[in-house]
Amino acid sequence: MERDRIISNALSNIKNLRHTLSKWFMDCPFHNIDRQSLVGWLAYAFYSKELQELNDKEYEEFYSLIQKIEIDYQLRIADDEVTNTISHMKHILDPVRVIFRPLALYFLTNTLLNGIISSSIFYLRGYQFMHIGHLSFWTYHDETCNAEEEEEDPIIFFHGIGADLIMYQPFIARIHKEFSRRHRIILISMRCICMRYPSLKDITNMSETIHSIQLIFDYYQLKKAIFIGH
């Protein structure tokens, strides 16, 4: 099924599965992570649910998946009848903690890292900065591509919470190197979640974001795209 294929692709890019799972479970040693806790983690990852909210079909699906991972990666995961005893990161379910940061930090992230360094990197690679609808983004399109070559679906990337696209430069460099020849690349900059100077004008809701994506599709005459998010 589609979920199995996605999981297989994700696991194939993890160098050390034990270490990665340990990090998701707040640095808990891998040998202490039990089967029930892993099911709870998968419940959050795929359904945004707590373990107790899974129905029987969903529970069995994740239980079977864990058994397959054990076989494929030669792991031994402990059985534990206690329900979800180990805490894991739940970015959209855990309470949001607000931390005060001095203006100097925003000068570093907004002006220096993104305003100067990140922008310079994109310009040197041939990217163009655009603003369509409510979204700002960097885009690259290889104009030297042979007309006989069929252009493939564009790649659209949404970054996560942090310091904007500067955090993803190694990842973006790899995407650019491997796919920019036949794919248009669009890198969305979500100013409201990337440690820029505070402003209430840049916070877009879901409807505005979807509408802006549609405007981008119309502007570049796109029919479909490959979306990547973090």
### Query
Does Thr139 meet the test of being surrounded by 19 or more Cβ atoms within 10 Å (Cβ to Cβ), among the polar types (S, T, N, Q) and either assigned by TED's automatic domain parsing to the domain that holds Met195 or over 20 Å from Lys224 (Cα atoms) (or both)?
yes
#### Entry: Any hit, the range 111-132, residues being touching a strand residue (DSSP E or B) at 6+ places or on another chain (Cβ under 7 Å), more than 30 Å from His19 (Cβ to Cβ), of a type in the set (Ser, Thr, Tyr) and modelled with pLDDT of 85 or more
yes
### Message
Please determine whether any residue of the range 96-111 is under 30 Å from Ile188 (Cα atoms), assigned by TED's automatic domain parsing to the domain that holds Met195, surrounded by 16 or more Cβ atoms within 10 Å (Cβ to Cβ) and hydrophobic (A, V, I, L, M, F, W, C).
### Response
no
### Query
Going through the range 101-134 one residue at a time, which ones are of a type in the set (S, T, N, Q) and more than 22 Å from Lys201 (Cα to Cα)?
Ser118, Ser120, Gln128
### Task
Among what's in the range 31-49 and is within 25 Å of the chain's Cα centre (by Cα) and outside any helix (DSSP H, G or I), pick the residue that is modelled with the highest pLDDT.
Ile33
### Task
Check whether at least one residue in the range 50-64 is touching a strand residue (DSSP E or B) at 6+ places or on another chain (Cβ under 6 Å), surrounded by 12 or more Cβ atoms within 10 Å (Cβ to Cβ) and assigned to a helix (DSSP H, G or I), and report yes or no.
no
### Summary
Among strands (runs of 3 or more DSSP E) entirely inside the range 118-198, those with 2 or more residues being touching a residue at least 60 places away in the same chain (Cβ under 8 Å) and among the aromatic types (Phe, Trp, Tyr) are 155-158
### Summary
When restricted to Ile203, Ile161, Ile155, Ile193, the only residue farther than 25 Å from Thr111 by Cβ and assigned by TED's automatic domain parsing to the domain that holds Leu108 is Ile155
### Message
Of everything in the range 15-27, what is within 20 Å of the chain's Cα centre (by Cα) and either assigned to a helix (DSSP H, G or I) or surrounded by fewer than 16 Cβ atoms within 10 Å (Cβ to Cβ) (or both)? Give them in sequence order.
### Response
Lys15, Asn16, Leu17, His19, Thr20, Leu21, Ser22, Lys23, Trp24, Met26
### Task
For the range 28-46, state whether one or more residues are surrounded by fewer than 16 Cβ atoms within 10 Å (Cβ to Cβ), touching a helix residue (DSSP H, G or I) at 6+ places or on another chain (Cβ under 6 Å) and farther than 24 Å from Gly162 by Cα.
no
### Query
Does Tyr220 satisfy the criteria of being more than 21 Å from the chain's Cα centre (by Cα), surrounded by 12 or more Cβ atoms within 10 Å (Cβ to Cβ) and more than 17 Å from Phe129 (Cα to Cα)?
no
### Query
Somewhere in the range 205-213, is a residue closer than 27 Å to Phe100 by Cα, loosely packed, with under 12 Cβ neighbours inside 10 Å and not aromatic (Phe, Trp, Tyr)?
yes
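The values are calculated or read from the model by the stated rules, or taken from the named source; none is laboratory data. Small disclaimer: the values here were computed from a predicted structure and weren't measured. Neighbour counts run over all protein chains shown; Cβ positions are idealised from the backbone, glycine included.
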